[in-house]
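The values are calculated or read from the model by the stated rules, or taken from the named source; none is laboratory data. If you're wondering where the values come from, they're calculated on a predicted model, not measured in any experiment. FYI the Cβ positions are ideal-geometry reconstructions off the backbone, even for glycines, and counts take in every protein chain you see.
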Amino acid sequence: MRLLRSFGLLAKTTGLTFFEAVLMSLILYAGASQYIALNMFALATGAAEMILTTFIVNIRHFLMSALLNEKVEDEVSWKKAIYAFEVTDETFAVAATKPGTVSMGYYWD
């Protein structure tokens, strides 16, 4: 909750409207990238540079998802998509260090 408040405050001081801040949160679903994008927005950086920077910052999620794909129990594709969508640095660290495979129940606990 604090992250949402801090993002909203920074978005307001950067000059974004309430609608733009909400839209940014819906489109850019990545905490660190939102803060980087706010800074780049304040510096009047172009959209292409913002997109490239966001991609570079978040490329680690592809690697984390690939490793977790090997650790999860045999699941149907749509369940694996849920795993991949919800990968964060914290959930990756917990799941990656667990010996053996990871089940859906373990992942969501």
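Overview of results
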| item | result |
| --- | --- |
| Single residue of the range 90-109 satisfying the filter (within 18 Å of ALA30 (Cβ to Cβ) and free of Cβ contacts under 8 Å to residues at least 12 places away in the same chain) that is nearest to the chain's Cα centre (by Cα) | GLU90 |
| Residue list for the range 52-66, filter: surrounded by 13 or more Cβ atoms within 10 Å (Cβ to Cβ) and among the hydrophobic types (A, V, I, L, M, F, W, C) | VAL57, MET64 |
| Positions within the range 33-55 being farther than 17 Å from LEU9 by Cβ and within 12 Å of the chain's Cα centre (by Cα), in sequence order | SER33, THR54, PHE55 |
| Unique match (being closer than 26 Å to ARG5 by Cβ, within 19 Å of the chain's Cα centre (by Cα) and either assigned to a loop (DSSP other than H, G, I, E, B) or modelled with pLDDT of 85 or more (or both)) among LEU63, LEU23 | LEU23 |
| Number of positions in the range 82-109 that are of a type outside the set (S, T, N, Q), more than 14 Å from ASN69 (Cβ to Cβ), at pLDDT 75 or above and not in a loop (DSSP other than H, G, I, E, B) | 4 |
